[in-house]
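Let me begin by presenting the structure, written as structure tokens, before commenting on it.
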Amino acid sequence: MKFLDKVKVYVRSGDGGAGAVSFRREKFIEFGGPDGGDGGRGGDVFIEAVQGLNTLIDYRYQQHFRAKTGMHGMGRNRTGGKGADVTLKVPVGTQVFAEDEETLLCDLTEVGQVFRVAEGGNGGFGNWQFKSSINRAPYRANPGLEGEELTIWLQLKLIADAGVVGLPNAGKSTFLASCTAARPKIADYPFTTLHPNLGVATVDGQEFVIADIPGLIEGAHEGVGIGDRFLGHVERTRVLLHLVSAVEEDVAGAYETVRRELELYDEELAAKPEVVALSQIDTVDDETRRDKLDELARVAGRKPFALSAVSRNGLNDVLRALKREISDLADEAAEDQAAEDRRRFGAQLNDEDWRA
């Protein structure tokens, strides 16, 4: 399945059904009168976040979606049925933008979250709605209102616990393949990874999701190389794993290049907790490895991990560090939510005491 993270879609909700013109005429019944029912509402267009999807590829081959028109009204005051709705199923993490690609309509971040993007038109009134003391037999009914039509953009930002960043050929895909069941393409040339990959890692009986994005090079924020198109996929991650290859002549420069691109793209992204590792350590001798670890520690301001995804040397240490950072952030978020609940419910209690 190909990866697609942005697509343009045309949607149109259903028109309302027309009202009916009808009169009650029955044998042996002295008084008849208008009994034309109202038209039914047109179908709505919904967008729903579902589990099991991680790409928008389904909307590459179908971009037009139309809900059904409401049924027309009928005699005996029968209201027409509602038109069938249309629901676009998208992966969790999908954002819906207006046609200008800037106005955010909704952000679907949880499974089961639903957003109505286009509302169906109301059904028209039947002629029974127009009867009055001076118009006992109205011969008019309203047509249904037209539905809404609009062009929207669906943009996917993958939701993962940890995101792997680094220069091309830093060993990101090999790391993902070693610690998860994901099977990204691995080769010895730059930009082997052309789209993000997701995998579920397990360490000490605990699971978390890792996202591997294509490599960054200097000027990526301006569109150089693959550019910053895929950096949005690590915006939602909690922790960054920064891999620097031991093959690099200047590991400090390699680290600073990626950090600079992250900061130029989004300062909040660059401020996320970071785990730094020197990857591919099995390609250099012990002395070179020590020198590069010291150099990387000096520029990163923290002790980096030594990692070889191929031999799995240091792999569990890196996974434990990531899981520790993720757990700490989860605990902080829980504490903040608890404090907010105490503040909110405490204010409500104070209001009740004051009213009493």
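In the range 279-291, is there at least one residue being touching a strand residue (DSSP E or B) at 6+ places or on another chain (Cβ under 6 Å), open to solvent by less than 40 Å² (accessible area, probe 1.4 Å) and modelled with pLDDT under 80? No, the range 279-291 contains no residue that is touching a strand residue (DSSP E or B) at 6+ places or on another chain (Cβ under 6 Å), open to solvent by less than 40 Å² (accessible area, probe 1.4 Å) and modelled with pLDDT under 80. Residues in the range 24-57 that are of a type in the set (A, V, I, L, M, F, W, C) and out of contact with any strand residue (DSSP E or B) (no Cβ under 6 Å at 6 or more places or on another chain): 4 in all. Of the residues in the range 56-72, at least one is under 17 Å from Gly124 (Cβ atoms), more than 33 Å from the chain's Cα centre (by Cα) and in contact (Cβ under 8 Å) with a residue 12 or more places away in the chain. As a summary of the residue check, Thr193 satisfies the conditions (1) open to solvent by less than 50 Å² (accessible area, probe 1.4 Å); (2) among the hydroxyl-bearing types (Ser, Thr, Tyr); (3) at pLDDT 90 or above except for the one numbered (3). For Ser22, state whether it is of a type in the set (S, T, N, Q) and open to solvent by 10 Å² or more (accessible area, probe 1.4 Å). Yes, satisfied.
Residue-wise test of (1) at pLDDT 80 or above; (2) within 24 Å of the chain's Cα centre (by Cα); (3) in a loop (DSSP other than H, G, I, E, B).
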{"residue": "Tyr189", "(1), (2), (3)": "no, no, yes"}
{"residue": "Ala211", "(1), (2), (3)": "yes, yes, no"}
{"residue": "His221", "(1), (2), (3)": "no, yes, no"}
{"residue": "His233", "(1), (2), (3)": "no, yes, no"}
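Close contacts from the range 121-148, counting a first residue that is farther than 20 Å from Gly80 by Cα and a second that is basic (Lys, Arg), with Cβ to Cβ under 9 Å and a gap of 6+ residues or different chains, come to Ala137/Lys131. Among the strands (runs of 3 or more DSSP E) confined to the range 35-107, the ones with at least 1 residues that are open to solvent by 70 Å² or more (accessible area, probe 1.4 Å) and not β-branched (Val, Ile, Thr) are located at 64-66, 86-91. Checked against (1) among the hydrophobic types (A, V, I, L, M, F, W, C); (2) crowded, with 18+ Cβ neighbours inside 10 Å; (3) modelled with pLDDT under 95, Ile134 passes all but a single condition, namely (2).
In the range 108-131, the qualifying residues are those that are assigned to a loop (DSSP other than H, G, I, E, B) and open to solvent by 70 Å² or more (accessible area, probe 1.4 Å), and the one that is nearest to Lys89 (Cα to Cα) is Val111. Scanning the range 235-278 for residues that are in a loop (DSSP other than H, G, I, E, B) and aliphatic (A, V, I, L, M), which turns out modelled with the lowest pLDDT? Residue satisfying both the conditions and the ranking: Ala271. Here Thr87, Thr94 are screened, and the one residue that is closer than 30 Å to Asp161 by Cβ, touching an Asp or Glu at 6+ places or on another chain (Cβ under 6 Å) and not hydrophobic (A, V, I, L, M, F, W, C) is Thr87.
The values are calculated or read from the model by the stated rules, or taken from the named source; none is laboratory data. These numbers come from a predicted model, not from an experiment. Note that we place each Cβ from the backbone using ideal geometry, even for glycine, and neighbour counts take in every protein chain shown. Each accessible area value is taken on the protein alone, full model and side chains, heavy atoms only, with ligands, DNA and RNA left out. Shrake-Rupley method; radii C 1.70, N 1.55, O 1.52, S 1.80 Å.
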